[in-house]
1. Show the residue pairs that are 6+ apart or on different chains and have beta-carbon atoms under 9 Å apart, the first residue being within segment 196-224 and at negative phi, the second being in a loop (DSSP other than H, G, I, E, B) and basic (Lys, Arg).
2. Give the residues of segment 279-298 that are in contact with a Ser or Thr (Cβ under 7 Å, 6 or more places away or on another chain) and surrounded by fewer than 18 Cβ atoms within 10 Å (Cβ to Cβ), sorted by residue number.
3. It is to be established whether one or more residues within segment 360-373 are touching an Asp or Glu at 6+ places or on another chain (Cβ under 7 Å), outside any loop (DSSP other than H, G, I, E, B), crowded, with 24+ Cβ neighbours inside 10 Å and touching a residue at least 12 places away in the same chain (Cβ under 8 Å).
4. Based on this model, can you work out whether ILE215 counts as exposed (fewer than 14 other Cβ atoms within 10 Å of the Cβ) and of a type outside the set (Phe, Trp, Tyr)?
5. Output the residues belonging to segment 248-278 that are surrounded by 13 or more Cβ atoms within 10 Å (Cβ to Cβ), closer than 18 Å to ASP293 by Cα and more than 28 Å from the chain's Cα centre (by Cα).
6. When you scan segment 26-41, how many residues do you find that are modelled with pLDDT of 90 or more and either of a type outside the set (Phe, Trp, Tyr) or touching a Cys at 6+ places or on another chain (Cβ under 7 Å) (or both)?
7. Taking segment 137-196 as the search range and keeping residues that are more than 30 Å from GLY374 (Cβ to Cβ) and hydrophobic (A, V, I, L, M, F, W, C), which one is surrounded by the most Cβ atoms within 10 Å (Cβ to Cβ)?
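The values are calculated or read from the model by the stated rules, or taken from the named source; none is laboratory data. Nothing here was measured: the structure is a model prediction, and the numbers come from that model. Cβ atoms come from the backbone with ideal geometry, glycine included; neighbour counts cover every protein chain shown.
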Amino acid sequence: MNIKKHRKKVKKRSQSNKVVTKNENSGIFRQFGSPDNMLFGVVLFLVVFGLMMVSSAGILHATIRFDDPNFFFRKQVVAVVIGFLLLLVLQRLDYRIFRRYAFFIMIFAVGSLILVFLPGLIGDTSSYTASRWINIGGFSFQPSEAVKLSIIVYFSAWCSSKGIEKIRDLKEGLFPFLSILGLISFLIYLQSDVGTMGIIIIIAISIFFFAGANIKHLVYIGILGITILSLAVYTSEYRMERLNVFLNPESDVLNSGYQIQQAFIAFGSGGMFGLGPGHSRQKGLYLPEPVGDSIYAIIGEEFGFIGSAILLILFLFLLWRIFRIAILSEEMFGRLVAGGIGVWIVGQAMMNMAAISGLMPLTGIPLSFVSYGGSSMVLMLIAIGIVLNISRQSIKI
């Protein structure tokens, strides 16, 4: 597949048709090709499956905590509806408009992280997963989720405007990149959300790499990141406990190791084919966060190893479709945005599945499109809408 050759053909075609399509292609809602229907289909399946799992895993927990068995399901449906409406709009909105406003998007994201620390705006800590949320006029959202998409847009615009020569330069590329990423990481670290900080760093470094960064600089960033992460772990008793549980899961099964032990029981109970939809026993107040970061264990219990493996394959398929769109994009900004979104959505899913399976320390990262969480759901569907628009303007092979 000669991508450069096809790009030249597409460019010539678009230039020859410029006069004919001038009126219909003016404005931000332009007439493009068809979106990637396979990508949309797998996202739709994951979202519907997630709604089913949130309903199944959260019934008892919601009944006891909120006296409403459908509490989690109802809120998740609202988020899904909002998310899909925005997806339908954004898959028709020219994604290049975000490049124009990338700086302001980042300012908003950083400002929202600061708002978390202002008295009176912090979300009600008595509600489910309300820490690190802000509440304005009865509307609550999690700023760190918005930051994930914001840094994708900002760093993609920043890298594409710099060019590969400046990106590989120490003063023009590495130092400014680390300064911006360091500020955002520090604000999230102050919220004691190392898991989210980790995925944000991974996203940013991936975009820097896709843009053609100097490999030696990436090694420097890796060494610096490992050093900072080690300090963050060793200076926190809570994080040290999680690390010790990861290294020795049976060291404290009644306290810090309780969640991972209950997850192991769920996976073991599910066996090869599972207990069947809705038949999980661990969701009955045994496994903490059954609709949150533990939901993959409930999936393993109800659908077994086969169901868990199929879900993993679906996320890998999702990554392939998004990366394919990135590769076939006609410009650097589109390639970086699509690539960053793929790393975010699938990387986060992999971290969740690895953590609850005992392959890495527990992080509290939700499972993309499946775990309960309105902010995460809406923003990920927005991101998919942007990728679908990029696919509509990509080379068709």
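1. Note: pairs meeting the criteria are THR196/ARG132; ALA213/ARG168; ASN214/ARG168; HIS217/ARG168.
2. Matches in segment 279-298: ARG281, PRO288.
3. no
4. yes
5. none
6. 4
7. Restricting to residues being more than 30 Å from GLY374 (Cβ to Cβ) and hydrophobic (A, V, I, L, M, F, W, C), the top hit is CYS159.
Residue-by-condition table, conditions (1) within 23 Å of THR363 (Cβ to Cβ); (2) in contact with a Lys or Arg (Cβ under 7 Å, 6 or more places away or on another chain); (3) modelled with pLDDT of 90 or more; (4) part of a helix (DSSP H, G or I):
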{"position": "GLY173", "(1), (2), (3), (4)": "no, yes, no, yes"}
{"position": "LEU181", "(1), (2), (3), (4)": "yes, no, yes, yes"}
{"position": "GLN191", "(1), (2), (3), (4)": "yes, yes, no, no"}
{"position": "ILE205", "(1), (2), (3), (4)": "yes, no, yes, yes"}
{"position": "TYR220", "(1), (2), (3), (4)": "no, no, no, yes"}
{"position": "ILE223", "(1), (2), (3), (4)": "yes, no, no, yes"}
